[in-house]
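Remarks on the structure that follows.
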Amino acid sequence: MSVHKFYLAGALLAATLGAAPYADASPRFTVQNKTDFKINVYIYKGNDSFCSLEEKLKSVSSYETDDYGCTGGGKGQCKVSLYANGEEICKNARNTCSKNAIKIPGGATLQIARDDDDEFECDLSK
């Protein structure tokens with residue numbers, strides 16, 4: 001086996017073995033905004049128990065879809081809070097950080113829409 005093939009085989013093995021831990025360390029998720037409002041997405045680290053200081057702030061324009069990520073801290077998830085026009089939305093979906101944020105597993109999609117009463121609703125799917 002030539003030296004070049006040996007290094008290539010080692011690199012492939014390292015990439016394969018390193019893929020699973022990386023997914024937990026840096027999970028990614030999708031936000032689909034099906035409303036005519038810009039949605040602000042406050043993203044917290046996956047292992048943040050309090051969600052008091054966001055890791056980053058992103059926004060999704062109306063009728064757009066974007067992918068985001070966070071530092072998963074080995075949890076394979078991100079935590080988010082959502083706002084539109086300065087108001088927190090999708091409060092009924094909050095399930096972490098003392099009901100102040102939404103836990104989103106890596107690879108999941110969060111769809112934001114308006115219901116018949118013109119209230120924001122969030123639907124999380126994997």
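Bear in mind these aren't lab numbers, they're just calculated from the coordinates by the rules spelled out. Remember, predicted model here, so these are calculated numbers, not experimental data. FYI the Cβ positions are ideal-geometry reconstructions off the backbone, even for glycines, and counts take in every protein chain you see.
Computed quantities for the displayed model
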quantity	calculated
Taking the C-alpha atoms of region 22-113, convex hull volume expressed per residue in Å³	76
Sequence ranges 91-98, 43-50, 74-81, ranked by mean other-Cβ count within 10 angstrom, highest first	74-81, 43-50, 91-98
N47 paired with N92, simple spin-label distance in nm, labels 7 Å along Cα-to-beta-carbon	3.5
Point-to-point label distance, K126-S26, nm (Cα→Cβ direction, 7 Å offset)	2.3
Rel. contact order, % - alpha carbon contacts under 8 angstrom, at least six apart, region 47-126	24
Potential extension, T109-K34 segment - 0.36 nm per residue separation minus Cα distance	25.7 nm
Where only C-alpha atoms are counted, convex hull volume of region 71-126 per residue in Å³	88
Set of lysines near K79 by C-alpha distance (under 16 Å), chain-local residues within fewer than 8 positions excluded	K45, K56, K58, K91, K99, K103, K126
